[in-house]
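The values are calculated or read from the model by the stated rules, or taken from the named source; none is laboratory data. Since the model is a prediction, treat every value here as computed from it, not as a measurement. Reconstructed Cβ throughout: ideal geometry from the backbone, glycine too, with neighbour counts over all protein chains shown. Ligands, DNA and RNA are stripped out before the accessible areas are found, and what is left, the full protein with its side chains, is counted by its heavy atoms. Shrake-Rupley method; radii C 1.70, N 1.55, O 1.52, S 1.80 Å.
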Amino acid sequence: MSFADLGLTPELLRAVAEQGYSEPTPIQAQAIPVVLAGRDVLAAAQTGTGKTAGFTLPILQRLQPGANNSPSPARHPLRALILTPTRELADQVADSVKVYSKYLPLRSTVAFGGVNIDSQIPALRAGVELLVATPGRLLDHVQQKTVVLNRVDILVMDEADRMLDMGFLPDIRRIISLLPPERQTLLFSATFSPEIKKLADQFLRSPQVIEVARRNSTNEQVTLVVHQVDGFRKRSTLAHLIRHHQMQQVIVFCNTRQGAERLSRELARDGFAAEAIHGDKTQQQRLETLAQFKEGKVKVLVATDVAARGLDIEDLPFVVNYEIPNTPEDFVHRIGRTGRAGATGTAISLVGDDETKQLAAIEKLVKKTLELAPVPGYATARPATGASSAPIGSALMSSGRAAEPVRPLYPGMSPRQPEQQIAALFLPPRYQRTS
Ligand code: AMP
């Protein structure tokens with residue numbers, strides 16, 4: 001199947017061709033015709049599936065009849081609104097919108113918090129057909145009357161589960177109350193909690209349910225490894241694993257901003273090119289760190305869940321859960337950072353003795369026991385001495401023994417395609433695709 005088969009216009013096909021995409025991803029193949037037909041969509045899809053183009057391309061096409069080159073703001077009413085949980089995701093989606101709308105006379109902009117609101121006003125005042133925004137900042141603009149929502153006929157909620165986790169539900173309700181009731185609504189979520197289901201029931205009209213595995217899932221290889229490690233030994237184990245696996249690019253997840261900051265400093269002291277990305281950093285700092293990570297100047301990115309949300313990093317080979325997330329859904333989001341775009345990926349979790357509860361919650365969510373594997377290169381017996389700051393002894397690293405094979409997470413699943421199974425697991429039966 002080609003993009004042309006999906007009924008996209010030449011302007012969009014040209015922009016897509018320039019990106020070098022040869023064929024649509026599964027979510028694009030499924031979502032584009034449905035969105036073009038004007039239907040609501042409820043999609044189980046993570047970052048990495050190509051979902052952004054899956055909703056952006058057909059939206060741009062639906063906006064086209066009204067597209068014009070007039071300089072008058074009145075001729076450019078806001079017609080499509082894309083809500084995202086984080087600044088980073090808003091920025092990435094807005095970039096995609098710019099790329100795909102390159103040959104269309106449509107205007108778009110982005111609005112997120114953490115930066116001066118005044119810098120966002122000129123573009124909004126000039127008039128945009130499409131706005132990508134985080135909920136809080138959007139409401140600030142609504143209050144300042146720099147955004148009017150009464151002509152929006154397409155609403156996208158991207159990473160809706162994360163928006164709810166972040167407490168945006170009241171903001172979302174308020175925003176939706178300002179939109180015309182006659183509109184098209186698309187909801188994308190990596191997981192399907194009862195709250196998401198409720199949101200969908202309330203705001204979507206007979207949605208087409210779309211459920212996909214991540215891009216190139218057949219080639220995809222995500223290996224899940226769980227090591228049990230005493231809390232005080234976690235840092236030395238992490239340092240050992242970075243060296244043992246010769247990690248050139250890894251995201252290490254911590255549960256708190258303070259923990260992420262501390263760990264990145266300690267790793268930097270240990271000689272690793274490590275930086276932290278979390279909510280206490282300014283937007284500018286976060287974007288700079290991300291750019292350095294993408295360039296390879298920063299090799300270890302220590303992140304909180306919120307800061308890492310929606311990051312699009314190609315070919316990320318390793319993800320480490322330094323701390324086990326308190327919300328089991330975050331585990332799914334975290335491991336979804338690796339093994340993308342057909343590359344191999346390994347997600348390593350370091351489980352402390354005090355984290356068995358969180359692990360149990362994850363096991364309950366994924367309905368499977370997670371097997372513990374010995375730390376590769378360590379002697380099987382835990383070393384009796386050594387504080388977290390102790391250097392990694394060469395004796396501990398000498399055996400070079402590979403990790404034990406990891407059992408698949410779910411019954412009947414190959415460990416190479418966990419994401420596919422995860423998407424299916426989170427969909428309640430009435431949302432399972434029947435076709
Ligand atoms: P997303 O899931 O929207 O974050 O997209 C993940 C990555 O896939 C992005 O880097 C896109 O540029 C890329 N991508 C999207 N669609 C395609 C496609 N049809 N073929 C190849 N790459 C794609």
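Heavy-atom accessible surface of residue 5, to the nearest 10 Å², is about 110 Å², with a 1.4 Å probe and all protein chains retained. Straight Cα distances below 12 angstrom link residue 102 to the aspartates and glutamates 11, 18, with same-chain residues fewer than 8 positions distant left out. Working value for the range 34-76: equivalent-ellipsoid semi-axes of 27, 12, 8 Å, each the square root of 5 times a Cα gyration tensor eigenvalue, largest first. For the listed peptides 147-153, 27-33, 234-240, a ranking on the average number of other beta carbons within 10 Å per residue, highest first, reads 27-33, 234-240, 147-153. Proximity of backbone amide H atoms, modeled 1.01 Å from N, is registered between residue 346 and 223, 318, 319, 339 at under 5 Å, excluding neighbours fewer than 5 places apart on the same chain. When the surface is traced with a 1.4 Å probe over the full set of protein chains, residue 344 keeps roughly 80 Å² accessible.
Cα centroid separation, the range 56-111 to the range 218-296: 34 Å. Rolling a 1.4 Å probe over the protein chains gives residue 244 an accessible area of about 50 Å². Stretching the chain fully between residue 371 and residue 23 yields a gain of 121.5 nm (0.36 nm per residue, less the alpha carbon separation). Length, then width, then depth: along the principal axes, the Cα atoms of the range 140-256 run 56, 38, 27 Å.
If you wrap the Cα atoms of the range 3-211 in a convex hull and average its projected area over all directions, you get 10.6 nm².
Quick one: grab the alpha carbon gyration tensor of the range 52-168, order the square roots of its eigenvalues as a ≥ b ≥ c, and give me rounded if a/c is under 1.5, else prolate or oblate depending on whether a/b is larger than b/c. Since a/c reaches 1.5 but b/c is at least a/b, the shape of the range 52-168 is classed as oblate. Projection of the Cα convex hull of the range 240-304, averaged over all directions and equal to a quarter of that hull's surface, yields 4.0 nm². Please go through the range 115-194 and write out the GluC sites (Glu not before Pro) that DSSP classes as loop and that have at most 13 other C-beta atoms within 10 Å. Within the range 115-194, the qualifying GluC sites (Glu not before Pro) (loop, at most 13 other Cβ atoms within 10 Å) are 182.
Amide H to amide H distances under 5 Å link residue 82 with 131, 132, 133, 156, where only residues 5 or more positions off or on other chains count and H is placed in the peptide plane. Residue ranking by accessible heavy-atom surface, 1.4 Å probe, largest first, among 272, 188 comes out as 272, 188.
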